[in-house]
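Encoded as structure tokens, the structure appears first; notes follow it.
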Amino acid sequence: MAARENENHSPSAAAQATAEAHAQAEAIAAGKGRPTPTRKEREAARKRPLVPDDRKQARKEHREKMNAAREKARLGMAAGEEKYLPQRDKGPQKKWVRDYVDARISIGEFLIPVMFFVIILTFIPSVEAQTISILGLWAFFLVAILDSVILGFIVRRKLTQKYGADKVEKVRWYAAMRSLQLRVLRLPKPQVKRGQYPD
């Protein structure tokens, strides 16, 4: 009787073992062949180091990003974009002063060319020519200073009319320094043409 029961159970046990072996073979053929990774193992595999292994390449990429950012800031400042301007150039009143100075022909903006001309004249082997050129330079310099002072009073008065006496910033020095620069060397670059005065 027992032998008969063993005979009845033996085929089913063998079939079950065969099915398990077949399933395992299919799993291996499908490419699994290993336990499913845990969540911790998957997170560790996804992690990347903050600093790349190749330090030289990392430095090169960082340098390129910094250069691109600096170039963008330089172009933005030259174009007068508010967010790229230094503190001394920010604000609507400073922009108004820049536009007014750039629309005007100032004597001071020719100071640098005159200085170069005087330097050339000093090479002439004549004491009289050298003395005249130096005196002429000083006279031009004094006229440029006087023109800058007048400019300061003008912009102050116009800004008072536009914004009110209690809201006007100190802009005389700012206007004078810009008027003493060559137009092509001014930063931010002029945004208006000659004679195109701001309202």
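For Q196, the criteria (1) under 30 Å from G76 (Cα atoms); (2) of a type in the set (S, T, N, Q); (3) open to solvent by less than 50 Å² (accessible area, probe 1.4 Å) hold in every case but one, which is (3). Selection over the range 175-191 of residues that are open to solvent by 20 Å² or more (accessible area, probe 1.4 Å) and not in a helix (DSSP H, G or I) gives a count of 7.
Conditions (1) open to solvent by 30 Å² or more (accessible area, probe 1.4 Å); (2) aliphatic (A, V, I, L, M), marked per residue:
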site	(1), (2)
Q130	yes, no
L135	yes, yes
A144	no, yes
S148	no, no
Q161	yes, no
G164	no, no
W173	yes, no
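A Cβ distance below 9 Å, combined with a sequence gap of six or more or placement on separate chains, defines the contacts here; from the range 107-135, residues that are within 30 Å of L151 (Cα to Cα) and of a type in the set (D, E) reach residues that are at pLDDT 85 or above and outside any helix (DSSP H, G or I) in the pairs E109/L180; E109/Q181; E109/L182; E109/R186.
Only helices (runs of 4 or more DSSP H) whose full extent lies in the range 55-131 are considered here, and the ones with at least 3 residues that are of a type in the set (G, A, S) are 55-78. If the condition is being among the acidic types (D, E), in contact (Cβ under 8 Å) with a residue 12 or more places away in the chain and in contact with a Leu (Cβ under 9 Å, 6 or more places away or on another chain), then the range 53-106 contributes only D89. Checked against (1) more than 27 Å from L159 (Cα to Cα); (2) under 26 Å from the mean Cα position of the chain (by Cα), L85 passes all but condition (1).
When the range 72-114 is filtered for residues that are more than 27 Å from K167 (Cα to Cα) and of a type in the set (F, W, Y), only F110 remains.
The values are calculated or read from the model by the stated rules, or taken from the named source; none is laboratory data. For clarity, every value in this text was computed on a predicted model and none was experimentally measured. Backbone-built Cβ (ideal geometry, glycine too); neighbour counts: all protein chains shown. These area figures cover heavy atoms from the full protein model, side chains too; ligands, DNA and RNA do not enter into them. Shrake-Rupley method; radii C 1.70, N 1.55, O 1.52, S 1.80 Å.
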